[in-house]
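See structure below.
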Number of protein chains: 2
Amino acid sequence: MSDRVYNFSAGPSMLPLEVLERAGKEITNYQGSGMSVMEMSHRSKVFQKIFDDTKANFIKLFHVPENYKVLFLQGGASSQFSMVPLNLIGKTGKADYAVTGNFSNIACKEAKKYGEINLAASSADKNHTYIPAQADLKLDPQASYFYYCANNTIYGTEWQYIPDTGDVPIVCDMSSDFLSRVVDVSRYGIIFGGAQKNLAPAGLTIAIVREDLAGNELPYTPLMMNYKTMIDKDSMYNTPPCWCIYMLGLVLEWLESKGGVEGMEQIKHAKAKLLYDVLDESKLFTCAAEVGSRSDMNVTFRSASQELDAKFVAEATAAGFVNLKGHRNVGGMRASIYNAMPTEGVEKLADFIRAFDRAN
Amino acid sequence: MSDRVYNFSAGPSMLPLEVLERAGKEITNYQGSGMSVMEMSHRSKVFQKIFDDTKANFIKLFHVPENYKVLFLQGGASSQFSMVPLNLIGKTGKADYAVTGNFSNIACKEAKKYGEINLAASSADKNHTYIPAQADLKLDPQASYFYYCANNTIYGTEWQYIPDTGDVPIVCDMSSDFLSRVVDVSRYGIIFGGAQKNLAPAGLTIAIVREDLAGNELPYTPLMMNYKTMIDKDSMYNTPPCWCIYMLGLVLEWLESKGGVEGMEQIKHAKAKLLYDVLDESKLFTCAAEVGSRSDMNVTFRSASQELDAKFVAEATAAGFVNLKGHRNVGGMRASIYNAMPTEGVEKLADFIRAFDRAN
């Protein structure tokens, strides 16, 4: 790593060093094409191959069934907050939302523009420190879909189960734990996520859409927010974010070399356990999230004093562990340990926490 | 250039080699930050500086007045086709569109979802080989705005004047001639463009919005398609396309070193003249666009036979002049010579055309 830092940013965040090095090596001339990937026509054969290979590898690694389409979009998860109701809510005019953090809350508010929204669950009563249990979900069988966010980046909680919603399709925002664990895609209607945490640079949004759900958009759905159009044009109605797609391709190759999503799932469990164990044993720190709801991606913790938190963050930064300050909604610290954060980085942070705990 | 080609792609297209080389040099560690720009939190000081400097330089180079806001968005010009009416048409429910090519035609169709559209002009009668004159514009004084596309990439035509629309604000798609010529921004309500032709890699859309026009969105306007929201959040409601913004910053530094937009305007005139002169003198080739409407960005031309066109494209490709095949709507050839295409590349292509003309 030499002059590089351990970057615990909540996103955008670390990319594998070997991926960055390879991108740097071919940045002026991609594989003898005489041009950068950033200069290629998206309609050219050489870019089409990058696109096709990346999509095929994503489908393979994430085990996407045949009746789903993988879309490479723009606008971030926040655009999906509108795109989902614009395309799905027309069926019954109603939808269920589980609000377990900041982003599901925004998604829920946005959906109210387009239909009648039932708050199926909320963890706001305890500042989103937990994930509601299946038994506590108030489901409407008339809902066009049920919506939740799999991992709450800010609060450090993560759904440990897939809700049972009967025949109601599930829509899930996986922005912050995408491809960190094996997922039974067939249990979902739509899965989407911004790429900038686990998968690629900011500017790419991936949506996995069960094909039969597309084609029911509301009449005022913008051209670029129509799943059917994007399916029909294989994500190339207009110029896609080519560089981000290329970078995703490189990240997926790296991920495959590490054992695929199955390999990531084992590594991420082990990485998170390193931190939670040292935090549970510490005298200074407590974790923000309840035990059964803890995220393997974002570890939120704090001491009893804001001054001590600030001292921790400052000393950690000086030691090369950066972006550990927690979100203002939660305070304290947050260590985001996505796929590209090496185990070594987490081990060193665990050692640092242990030493800080002893010294203070 | 050594192993690089002259890339005449209509977009994405060439970027300055020195920009790519610099990006490559700092791809694993940006200026001692210990991380790539692709890995930076968009809320970090180091990225905020990149963002602020890039925006300030854009404002300076393009002479953007103080009552305009520059937005860095996603989704391409095609998203603006919806965003414009969603934010502006509410005023009177009506808008004027001039259709002079493929993209203004799509924009016009899209706007019909949101209001009553008056076709103020169309060049479809002659397959978009010309730009209508001011006297031929059928303007509706009740229009919320007048819309046109400054340069028609496919047809190789370019507006040589800014329409006079009285008090009706002008909205202009400048995707394919952005920052190639000096523009009196104060004549416009909104100027927008995808970055992937003249400015940066695909995935960034720039919008220049006269501030008083924002805040009148239709009630079902998606969160991310609200100019007011994006103005209030300085384009960072959510994670922006950070890498593309960084690349834009590098391109703008390069542009400044070449004399800014004023410098580009002189170079681009000279470059286009090189090609139009040799084509006008040739025995084989004719230009697709009428003389007074010719684009300085996309030079469209053809011979009398499709076989000869194909031979030209094949021989040019073999000689290192790539992506010269014309769009299927026009046929023949198209040389796109955006800002980053060096004069040398155009000179060599002119020589090649002259030699081909003699030999065939």
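The values are calculated or read from the model by the stated rules, or taken from the named source; none is laboratory data. Small disclaimer: the values here were computed from a predicted structure and weren't measured. Note that we place each Cβ from the backbone using ideal geometry, even for glycine, and neighbour counts take in every protein chain shown.
Summary of computed values
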| item | result |
| --- | --- |
| Scope region B:68-127; condition under 15 Å from B:ILE170 (Cα atoms) and under 16 Å from the mean Cα position of the chain (by Cα); matching residues | B:GLN80, B:PHE81, B:SER104, B:ALA107 |
| All positions within region B:290-325 that are without any contact (Cβ under 8 Å) to a residue 24 or more places away in the chain and out of contact with any strand residue (DSSP E or B) (no Cβ under 7 Å at 6 or more places or on another chain) | B:VAL291, B:ALA304, B:SER305, B:GLU307, B:ALA310, B:ALA314, B:THR317, B:ALA318 |
| Neighbours by Cβ (under 9 Å, 6+ apart or cross-chain): first from region A:61-72, among the polar types (S, T, N, Q); second surrounded by fewer than 22 Cβ atoms within 10 Å (Cβ to Cβ) | A:ASN67/A:SER186; A:ASN67/A:ARG210; A:ASN67/A:GLU211; A:ASN67/A:ASP212 |
| Helices (runs of 4 or more DSSP H) enclosed by region B:1-119 - at least 3 residues per element that are over 30 Å from B:MET333 (Cβ atoms) and either aromatic (Phe, Trp, Tyr) or more than 8 Å from chain A (Cβ to nearest Cβ) (or both) | B:45-61, B:76-88 |
| Residue check for B:THR205: closer than 30 Å to B:TYR114 by Cβ and surrounded by 24 or more Cβ atoms within 10 Å (Cβ to Cβ) | yes |
| Criterion violated by A:VAL183 - all others in (1) modelled with pLDDT of 95 or more; (2) within 14 Å of chain B (Cβ to nearest Cβ) satisfied | (2) |
| Residue within region A:259-282 that is within 19 Å of A:ALA10 (Cβ to Cβ) and part of a loop (DSSP other than H, G, I, E, B) present | no |
| Candidate set: region A:120-155, residues that are outside any loop (DSSP other than H, G, I, E, B) and acidic (Asp, Glu); chosen: the one nearest to A:TYR188 (Cα to Cα) | A:ASP136 |
| Given (1) under 18 Å from the mean Cα position of the chain (by Cα); (2) closer than 20 Å to A:MET14 by Cβ; (3) within 14 Å of another protein chain (Cβ to nearest Cβ), index of the condition A:PHE192 fails | (2) |
| A:ILE117 being touching an Asp or Glu at 6+ places or on another chain (Cβ under 9 Å), crowded, with 22+ Cβ neighbours inside 10 Å and without any contact (Cβ under 8 Å) to a residue 24 or more places away in the chain | yes |
| Some residue of region A:2-10 being among the acidic types (Asp, Glu) and outside the structural domain of A:ALA214 (by TED's automatic domain parsing) | yes |
| Filter result for B:TYR97 (surrounded by fewer than 24 Cβ atoms within 10 Å (Cβ to Cβ) and of a type in the set (Phe, Trp, Tyr)) | no |
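Residue-by-condition table, conditions (1) among the polar types (S, T, N, Q); (2) outside any loop (DSSP other than H, G, I, E, B); (3) within 14 Å of chain B (Cβ to nearest Cβ):
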| position | (1), (2), (3) |
| --- | --- |
| A:GLN160 | yes, no, no |
| A:SER175 | yes, no, yes |
| A:LYS197 | no, no, yes |
| A:GLY215 | no, no, no |
| A:LEU218 | no, no, yes |
| A:ASP234 | no, no, no |
